[in-house]
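Working notes, structure below.
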């Protein structure tokens, strides 16, 4: 039986400018093109898990403005259940200003707005609904205290937590001990562990995170793929070779895909391979949510590359 997923996180409107090269400080350049789409790490991961076959509910906080209301309408059209989300008059909806260069690399400034209003009190008000989930997925574009509250709540009720520590943030060991699946990139792993991967290596930095209390650590390495380690298993998964157009939401797609495949009962090898393929497809298209593939697209891709 497919397990239920609740994603708690940010909802933003992404303002994307394509450029040949990123501007230097004080420099004005001419852009190539502009695109406005829905984004936010929470929304990206929720939509990815949903499109990739998961049974998903999404909880966010948006402003009572056109960006926020349009986002909720969009999720509804996509079939993503965001009915537990909050609408506030106290802050505008979150936005992200994104530059994408001709190599597909991005530079992002997030203005959280209403995402900062997703408080522990909000979570307590829908506690019963949150605890219907088998897996709770979060990121760090919502208040730290809210992340801590959810981890505490999940731990007390034997619910699994997947935390993607993006943007990079220091974590209390008390929180880390309550995380079942910790997903980090190199910068995030270094921020949490206080160690440099260049100096000690991939496996050692993952070991440092496991020693802090995480049960499973997934370290994403961009073009070099990803590694996963638990107390009794360590594996490296190479990335698929594709032509990158825009890397925005690749990590979010990976997390959503990982959650969806885990919820179907797949083993770690299957889940990581599925997530790697989903992220590979994502970077071949522009925009965050427009680039997230469907489950069928990923299955077809995996058949082609086998």
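Quick note: the coordinates plus some simple rules give every number you see, no bench work behind them. Treat the numbers as computed from the prediction; the structure is a model and nothing was measured. Every residue, glycine among them, receives a Cβ derived from its backbone with ideal geometry; neighbour counts consider all protein chains shown.
The stretch 50-197: percent of C-alpha pairs farther apart than 26 Å? Roughly 31 percent, once rounded to a whole number.
Just how many % of Cα pairs in the stretch 162-209 lie over 16 Å apart, if you round to the nearest whole percent? Summing the P(r) of the stretch 162-209 above 16 Å gives 30 percent of all pairs. Legend: ranking of residues 140, 233 from fewest to most surrounding C-beta atoms inside 10 Å; resulting order 233, 140.
Structural descriptor for the chain: relative contact order 19 percent, calculated from alpha carbon pairs under 8 angstrom and at least 6 residues apart. For the stretch 152-236, the relative contact order works out to 25 percent when only alpha carbon pairs closer than 8 Å and six or more residues apart are counted. If a/c stays under 1.5 just call it rounded; otherwise compare a/b with b/c (prolate if a/b is bigger, oblate if not). Do that for the stretch 184-272, with a ≥ b ≥ c from the square roots of the Cα gyration tensor eigenvalues. Oblate, because a/c is 1.5 or more while a/b does not exceed b/c.
Neighbour counting of Cβ atoms within 10 Å sorts the residues 151, 122, 255, fewest neighbours leading, into 122, 151, 255. With Rg/Rh (Cα atoms, Kirkwood Rh) in mind, check (1) 1.33; (2) 0.94; (3) 0.98 and report the label derived from this structure. Derived directly from the coordinates: (2). Fewest-first ordering of 254, 75 by other beta carbons within 10 Å of each residue's beta carbon gives 75, 254. For the stretch 111-173, what does the alpha-carbon gyration tensor say about shape, rounded, prolate or oblate, given a ≥ b ≥ c as the root eigenvalues, a/c under 1.5 as rounded, and a/b over b/c as prolate? It comes out oblate by the Cα gyration axes. Annotation: peptides 152-164, 37-49, ranked by per-residue average of other Cβ atoms within 10 Å with the highest first, follow the order 37-49, 152-164.
Spatial offset of the stretch 65-123 relative to the stretch 192-263 amounts to 25 Å, using the alpha carbon center of each.
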